[in-house]
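Asks: Before I ask anything, let me first share the structure, which is written out below as structure tokens.
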Amino acid sequence: MANHNELGKKGEELAVNFLLKHGYEILERNYTFQKAEVDIIAKKGDTIAIVEVKTRSTKAFGNPQDFLKPKQIQRIVKAVDNYVTSSQLDVEVRFDIIAIVKNGHQFDIEHLENAYYHF
């Protein structure tokens, strides 16, 4: 497996552990619909957090959260609409990013709530 794939998988594991530690329930991981994949669907209270995990080995080319493109957001929103509708959920939906940067042998984790909005 390519190094960037391993780093991505590690980032998702760190994000799940971070969310669990902060009182979230993980509903889905790697939920797919058509061409979209939602990294994590988590719930806390009456809110569903749609979490995109962005992991980078360095900030040399910018912050991880800056790599979420408008087309990807559109796909995520479509997938989430399908998830909420098919699950018949009546909840608030929030779009978050968990940005992770490798820092030596450690990882810096930043949880950005309401990081982007659906259009």
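The values are calculated or read from the model by the stated rules, or taken from the named source; none is laboratory data. Since the model is a prediction, treat every value here as computed from it, not as a measurement. Here the Cβ positions follow ideal geometry from the backbone for every residue, glycine too, while neighbour counts run over all protein chains shown.
Asks: So, residue 90, is that one over 14 Å from residue 11 (Cα atoms), without any contact (Cβ under 8 Å) to a residue 24 or more places away in the chain, in a helix (DSSP H, G or I) and not aromatic (Phe, Trp, Tyr) or not?
Replies: Answer is no for this residue.
Asks: Could you tell me which of the residues 106, 74, 88 is surrounded by 12 or more Cβ atoms within 10 Å (Cβ to Cβ), at pLDDT below 95 and not hydroxyl-bearing (Ser, Thr, Tyr)?
Replies: Working: 106 fails: surrounded by 12 or more Cβ atoms within 10 Å (Cβ to Cβ); 88 fails: surrounded by 12 or more Cβ atoms within 10 Å (Cβ to Cβ).
Exactly one of 106, 74, 88 is surrounded by 12 or more Cβ atoms within 10 Å (Cβ to Cβ), at pLDDT below 95 and not hydroxyl-bearing (Ser, Thr, Tyr), namely 74.
Asks: Against the definition (of a type in the set (A, V, I, L, M), closer than 24 Å to residue 5 by Cα and either touching a residue at least 24 places away in the same chain (Cβ under 8 Å) or assigned to a helix (DSSP H, G or I) (or both)), how does residue 20 come out, yes or no?
Replies: Numbers: of a type in the set (A, V, I, L, M): yes; closer than 24 Å to residue 5 by Cα: yes; either touching a residue at least 24 places away in the same chain (Cβ under 8 Å) or assigned to a helix (DSSP H, G or I) (or both): yes.
For residue 20, the condition - of a type in the set (A, V, I, L, M), closer than 24 Å to residue 5 by Cα and either touching a residue at least 24 places away in the same chain (Cβ under 8 Å) or assigned to a helix (DSSP H, G or I) (or both) - is met.
Asks: Can you tell me which residues in the range 93-119 are more than 23 Å from residue 58 (Cα to Cα) and part of a strand (DSSP E or B)?
Replies: Taking the range 93-119 first, the residues more than 23 Å from residue 58 (Cα to Cα) are 93-95, 114, 117-119.
Matches in the range 93-119: 93, 94, 95.
Asks: Taking the condition of being basic (Lys, Arg) and surrounded by 14 or more Cβ atoms within 10 Å (Cβ to Cβ), how many residues in the range 18-71 meet it?
Replies: As a first pass, look at the range 18-71 and keep what is basic (Lys, Arg): 21, 29, 35, 43-44, 54, 56, 59, 69, 71.
In the following step, the residues that additionally are surrounded by 14 or more Cβ atoms within 10 Å (Cβ to Cβ) were identified as 29, 43, 54, 56, 59.
Matching residues across the range 18-71 total 5.
Okay, residues lined up against (1) more than 16 Å from residue 111 (Cα to Cα); (2) part of a helix (DSSP H, G or I); (3) not small (Gly, Ala, Ser):
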| site | (1), (2), (3) |
| --- | --- |
| 7 | yes, yes, yes |
| 32 | yes, no, yes |
| 43 | no, no, yes |
| 61 | yes, no, yes |
| 65 | no, yes, yes |
| 72 | yes, yes, yes |
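Asks: Would you pick out the residues in the range 61-87 that are of a type in the set (A, V, I, L, M) and closer than 24 Å to residue 8 by Cα?
Replies: Within the range 61-87, 68, 73, 76, 77, 79, 80 meet the criteria.
Asks: Residue under question is residue 52, and the condition is that it be closer than 19 Å to residue 117 by Cα, assigned to a strand (DSSP E or B), among the acidic types (Asp, Glu) and in contact with a Phe, Trp or Tyr (Cβ under 8 Å, 6 or more places away or on another chain); does it hold?
Replies: Details: closer than 19 Å to residue 117 by Cα: yes; assigned to a strand (DSSP E or B): yes; among the acidic types (Asp, Glu): yes; in contact with a Phe, Trp or Tyr (Cβ under 8 Å, 6 or more places away or on another chain): yes.
Spelling it out, residue 52 is indeed closer than 19 Å to residue 117 by Cα, assigned to a strand (DSSP E or B), among the acidic types (Asp, Glu) and in contact with a Phe, Trp or Tyr (Cβ under 8 Å, 6 or more places away or on another chain).
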